[in-house]
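The values are calculated or read from the model by the stated rules, or taken from the named source; none is laboratory data. These numbers come from a predicted model, not from an experiment. Cβ placement follows ideal geometry from the backbone for every residue including glycine, while neighbour counts extend to all protein chains displayed. The accessibility values were calculated without ligands, DNA or RNA, using every heavy atom of the protein model including side chains. Shrake-Rupley method; radii C 1.70, N 1.55, O 1.52, S 1.80 Å.
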Amino acid sequence: MNVKLYVEGGGNSKAMQRECARGFRKFAERAGIAPMLLTIVACGGRHDAYERFSLSHTADVQLALLLVDSEAPVSAPATAAEPWAQLGDEWSQPTNATDDQCHLMVQVMESWLLADRETLSSYYGRGFLPNRLPGNPRVEDIPKADVLAGLAGATRNTQKGTYAKGSHAFEILASLDPSTVEGAAPYAKRLLDVLRRHATRREP
C-alpha cells in the first residue's frame, strides 16, 4: 500500500521543507521502509500538517498518516496510545480516521536525536560535549526545553556551531540508527511499526 506521511517541520521555507522531507525519508529507509511506497510531505507548522492530513484522509486513495510534536509529556504508553485525545480539543479527529493514523514525536523531534548520541557525536565531531545532554535514557520523558537546551550546550563549541533546528536537524535525522531511536522512544517505534506494516515491499 502507498502511504503518505504528513509531517510537522521545515517552517515556511520550501527549501527547508524539502530538507525535512529528505531527512524523514532517509530515516524511514534505514528502518526498512520501501521508499517507493512512502511519500513524505513536510508541511511546516503543526496545524498546517493537520489540515493537509485531514484533506488527504477524506480525498486520497492512499493511506494518510499524521506526524507532529506532542510538545508536552504523554501519559498513555505507546502500546495504548490515544494520540488524538493527546492533541486536545482543537484537533478534532477526522471522520473515519483511526488512532493508527495519528503519530507523535514525544516531546519533540529533537528527542529522537538524543536517543542516538553516537550519531550526534559523529556529526558534530571535535568540541561536542555529550555530558551537557540530559542524562535520562527515556528520551520521551525529557521536557522540550531541556532537550533543546542540552543540544545547544553540547554543540556550541563544535566546528558546525550551536545546534540549529533547521539544516542540522534534518541532516542528523537522515543518519540516525532507527533501532537505537525506537529502543529509547516508544512512540517512534509505534510509527515505524505502522509504516513497516503498510509500506514494506512484500516478496512475491
Self-check item: Per residue convex hull volume, Cα atoms of the chain, in Å³
Solution: 118 Å³
Self-check item: For the chain: accessible area per residue (Å², 1.4 Å)
Solution: 48 Å²
Quiz item: Across the chain, how many lysine pairs, 8 or more apart or on two chains, come within less than 26 Å at their alpha-carbon atoms?
Solution: 16
Quiz item: Out of the DSSP beta bridges found with both residues in the chain, what percent are antiparallel (nearest 5)?
Solution: 5 percent
Quiz item: Is region 23-84 best put as rounded, prolate or oblate by its Cα gyration tensor, with a ≥ b ≥ c the root eigenvalues, rounded for a/c under 1.5, and otherwise prolate when a/b is larger than b/c, oblate when not?
Solution: oblate
Quiz item: Are there any helices in the chain, counted as whole DSSP H runs, that stretch 15 Å or more along their axis by Cα and score at least -0.5 on average by Kyte-Doolittle, and if so which?
Solution: 144-155
Quiz item: When the Kirkwood hydrodynamic radius is evaluated over all pairs of different C-alpha atoms of region 4-45, what value in angstrom, to one decimal, is obtained?
Solution: 10.1 Å
Quiz item: For region 117-160, max minus min Cα coordinate along each principal axis, in Å, sorted largest first?
Solution: 29, 18, 13
Exercise. With a cut-off of at most 10 other beta carbons within 10 Å, and DSSP calling the residue loop, which GluC sites (Glu not before Pro) in region 1-109 qualify? Please list them.
Key: Glu90
Quiz item: Rounded, prolate or oblate: which fits region 1-114, taking a ≥ b ≥ c as square roots of the Cα gyration tensor eigenvalues, rounded meaning a/c under 1.5, else prolate when a/b beats b/c?
Solution: rounded
Quiz item: Rounded, prolate or oblate: which fits region 136-190 when a ≥ b ≥ c are the square roots of the eigenvalues of the alpha-carbon gyration tensor, with rounded for a/c under 1.5 and prolate only if a/b beats b/c?
Solution: oblate
Practice problem: Can you sort Thr58, Thr158, Thr180 by 1.4 Å-probe accessible area, starting with the largest? | Solution: Thr58, Thr180, Thr158
